[in-house]
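A short reminder: the numbers here are calculations on the coordinates, not readings from a lab. Just so it is clear, the model here is predicted, and its values are computed rather than measured. Cβ placement follows ideal geometry from the backbone for every residue including glycine, while neighbour counts extend to all protein chains displayed.
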Amino acid sequence: MQPTLLSLLASLHLVSAIQQPILSLLRLQQSIHNEYTAVNKYARNHQAHNFSIPVDHFHNSSAYEPHSDASYANRYFIDDTHYSPGGPVILYLGGETAAENRLPLFHGGIIQKIANATGGLQVILEHRYYGYRGAGEGSWPTRDLSTHNMRFLTTEQALADTAFFAQNIVFPGYEDVNLTAKAVPWIVYGGSYAGAQAAFQRKLYPDVFWGAISSSGVTEAIYEYPQYWQMIQEHGPQGCIRTTEAITEAFDVILMNKTERIPDLKDLFDLRNLTSNQDFASLLLFSGIGGWQARNWDPVMSGTTFDDYCKELTSSELLYPDTLPQAGKVNDLLALTGALTTEHTTVNLTLATLNLIGFVNRTEISPCLHRKGKTADSCFASPSASFWARDDLEASYRSWPYQYCTQWGYLQTGSGQATNRKPILSRTLDLEFESRVCKYAFNITIPPDTDAINKYGGFNISYPRLAHIAGSADPWTPATPWKEELKQWEWRKNDTSEPFLLIEGAVHHWDSNGLVEGEEREGRKVPEAVRRVQEYEVEFVSDWIEQARESGRFGGMKGVVDEAEVELTGQDQKQVVLNRLMGDW
């Protein structure tokens, strides 16, 4: 059974892990179909399993009153392709999406590479309150998603889930083997939100998780997060960025000061009847510049929206001849805003705006407004209060907004951009606009409790066998320990004990995915910077596993004969096993 549209909204891996503000439903339909089809290829090869976990781990906390004694079925997947007796468990945290969306990582991802090197068992664990509910799947602790029942959706509870899982799981097919964290070392990996979770798991539950890799781990919760756009300004192709800034600034003059000309501006895009000016500004953002985070080094996984947008915006040719009749109107509006000054003589803003009109029409407006005959509001208006009021389990798109409204923040405003530089997106997109979901869905009108997250260490979180990896061009890096202004590379030691790595040119946890032998054909090759980091990850985790073996702490690693010892005589093998059982090896 294929999931319904509503059940997939929160599960889409559209822009990697941490999700951006939710778009209109109709604009997501094609992406939903494409993604489910791609993920389903891997889902057919891996069976979902369930494990019973308490709904409420903290009966001493008033935050979860009334408390619950119930348990729920938490989903997970395993892959034992590389498992050897005595090997570790390599756990990938599912984060804020359905676990199926992580299944491709069993095939060439960093967890597969680590498992191959260490004889590890690969596991993907779904986060509470996420999953494909429309398919009768998912990890849902409560019978609905009312605000009252979502009180158990906190990072604290999720961390306790993972620890409980690691301490108690009996894997199918391995009923006679103790693979809990008491018997074998567990290495936890996560990217983005799940990257922060991985770091917290290691610090809060060090006796459960032997090591952790936090990739693009946003360990600092931040209410308003305009830094997201600053990173794109600094690392995007500068011709495209400068042109986007000039057009955005000109449009903002109309949207904020010369409001009588707003109908004329919307007319250029055939959107005069789009009620909200902020929805209009948001549409232009997500048509192009908002696609930066979806870029990946692997063309099979990478989104192309941003690159397509920049290519057309900076073209020296008129790519859409049918926009030529509007050249005069475009020129007049740009002149009205003062955009056509000597400052911009190196850029033909009129040509760039005409190409922008054509691009937005081709990619966004025409598919909905013209081909489907919908109204502008039905295509591009933000979800209404009545939409967000829905709280049955089909409304699984409520889960991540609940987390950022209550604890995490990360509202990527345009109004918060630095005033000493040109905006890359409209300044009309302010806190009130970006936080409407909090009010509509949960009646939350105050900032999130970011202290509930930052008490775990925030930017400064550090622990032995905890690795931090970031991308130099990732818009989420300013929320990680790699935030440039902190210069933590000056005091953190980058060794196998606490690796601290930056992938040059990388966007969002680019080390997560990889290729297997035979896939490195033309146009699909792991960049050298990514390859080096992945090789180092395999190296330092292998070192961690050797430390675990030498510690004598893990009974599940004892008495296991390596493949290299198979050629020994029976008496020699017996002596090796005896030595190991005695801890002398």
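As a check on your grasp of the helix formula, calculate [θ] at 222 nm for the chain: sum -39500 (n - 2.57) over DSSP H runs of n ≥ 4, divide by the residue count, round to the nearest 500. Don't jump to the answer; show the numbers that get you there.
On the way: 20 runs with 202 residues, N = 585.
Result for the chain, helices only: -10000 deg cm²/dmol.
For the pair N178 and E490, how long in nm is the line joining their label points, each one 7 Å along Cα→Cβ?
That separation, rounded to one decimal, is 4.8 nm.
What value in Å³ per residue do you get for the convex hull of the alpha-carbon atoms in region 78-166?
Values: hull volume 9.2 nm³, N = 89.
Each residue corresponds to 103 Å³ of Cα convex hull volume.
Determine the sum of side-chain charges near Y76: Lys and Arg each +1, Asp and Glu each -1, restricted to other residues whose C-beta is under 15 angstrom from that of Y76.
Summing Lys/Arg as +1 and Asp/Glu as -1 gives -3.
I'd like the distance between the alpha-carbon centres of region 45-115 and region 489-538, rounded to an integer number of Å.
24 Å
Suppose we look only past 14 Å in the calculated P(r) of region 385-445. What percent of the Cα-Cα pairs does that tail hold? Don't jump to the answer; show the numbers that get you there.
On the way: 1078 of 1830 pairs.
Above the 14 Å cut-off, region 385-445 has 59 percent of its Cα pairs.
Quick check: from the Cα gyration tensor, does region 230-442 come out rounded (a/c under 1.5), prolate or oblate?
prolate
Lys/Arg Cβ at +1, Asp/Glu Cβ at -1, dipole of the chain taken about the Cα centre: which of I241, G471, M256 is farthest positive-ward?
The one lying farthest along the dipole's positive direction is M256.
Using a Förster distance of 30 angstrom, determine the FRET efficiency expected from the C-beta separation of N45 and K558, and round it to 0.05.
Working: r = 33 Å, r/R0 = 1.09.
Using R0 = 30 Å, I get an efficiency of 0.35.
Enumerate the lysines that K455 could reach by cross-link, defined here as Cα to Cα under 24 Å, with residues fewer than 8 away along the same chain left out.
Counting by Cα, and skipping residues close in sequence, K455 has these lysines nearby: K203, K483, K487, K493.
HN-Hα J couplings of region 469-476 from phi, Karplus 6.51/-1.76/1.60, θ = phi - 60°, integer Hz, Gly and Pro as x?
10, 9, x, 5, 10, 7, x, 9
If you average 1/r over every pair of different alpha-carbon atoms in the chain and take one over that average, what Kirkwood value in Å do you get?
Details: mean 1/r = 0.0395 Å⁻¹.
Kirkwood radius, the chain: 25.3 Å.
Under a Cβ-only charge scheme (Lys and Arg +1, Asp and Glu -1), can you give me the dipole magnitude of the chain about the Cα centre, in debye to the nearest 20?
For the chain, the charge dipole is close to 900 debye.
Could you work out how far apart the two model spin labels at A63 and T341 are, taking each label as a point 7 Å from the Cα in the direction of the beta carbon, and quote it in nm?
4.9 nm
Need one number: nm distance between label points at R421 and A389, each 7 Å from Cα along Cα→Cβ, rounded to one decimal.
Distance between the two pseudo-spin positions: 4.2 nm.
Return, ordered by residue number, the residues of region 202-241 whose backbone nitrogen is under 13 Å from a label point located 7 Å along Cα→Cβ of S302.
237
Determine, from the Cβ-Cβ distance of E528 and S84 and an R0 of 25 Å, the FRET efficiency 1/(1 + (r/R0)^6), rounded to the nearest 0.05. Walk me through the intermediate numbers first.
Numbers: r = 30 Å, r/R0 = 1.21.
The formula returns an efficiency of 0.25 here.
Dipole magnitude of region 143-191 about its Cα centre, charges +1 at Lys/Arg Cβ and -1 at Asp/Glu Cβ only, in debye to the nearest 20? Kindly include the intermediate steps, with their values, before the conclusion.
On the way: 3 positive and 5 negative charges, 27 e Å.
So the magnitude is around 140 debye.
Once each part is reduced to its C-alpha centroid, what is the distance from region 161-193 to region 397-463 in angstrom?
Using only Cα atoms to place each centre, the spacing works out to 33 Å.
Net charge near S146: determine it from the other residues with C-beta under 14 Å of the C-beta of S146, scoring Lys and Arg +1 and Asp and Glu -1.
Details: positive: R143, R151, R390, R398; negative: D144, D391, D392, E394.
Summing Lys and Arg as +1 and Asp and Glu as -1 gives 0.
Given H placed 1.01 Å from N in the peptide plane, which residues other than close sequence neighbours of Y130 have an amide H under 5 Å from its amide H?
Those qualifying (amide H under 5 Å, at least 5 residues apart or on another chain) are S139.
For a test of the definition: using alpha carbon positions, the gyration tensor, and the 1.5 limit on a/c, classify region 319-422 as rounded, prolate or oblate.
Details: a/c = 3.47, a/b = 1.56, b/c = 2.22.
Judged from the Cα gyration tensor, region 319-422 comes out oblate (a/c at least 1.5, b/c at or above a/b).
Tell me, what ³J(HN,Hα) does each residue in region 95-106 have, in order and in whole Hz, if you take phi through Karplus 6.51 cos²θ - 1.76 cosθ + 1.60 with θ = phi - 60° and put x for Gly and Pro?
Once θ is set to phi - 60°, the couplings for region 95-106 become x, 8, 7, 5, 4, 4, 5, 9, 4, x, 6, 5 Hz.
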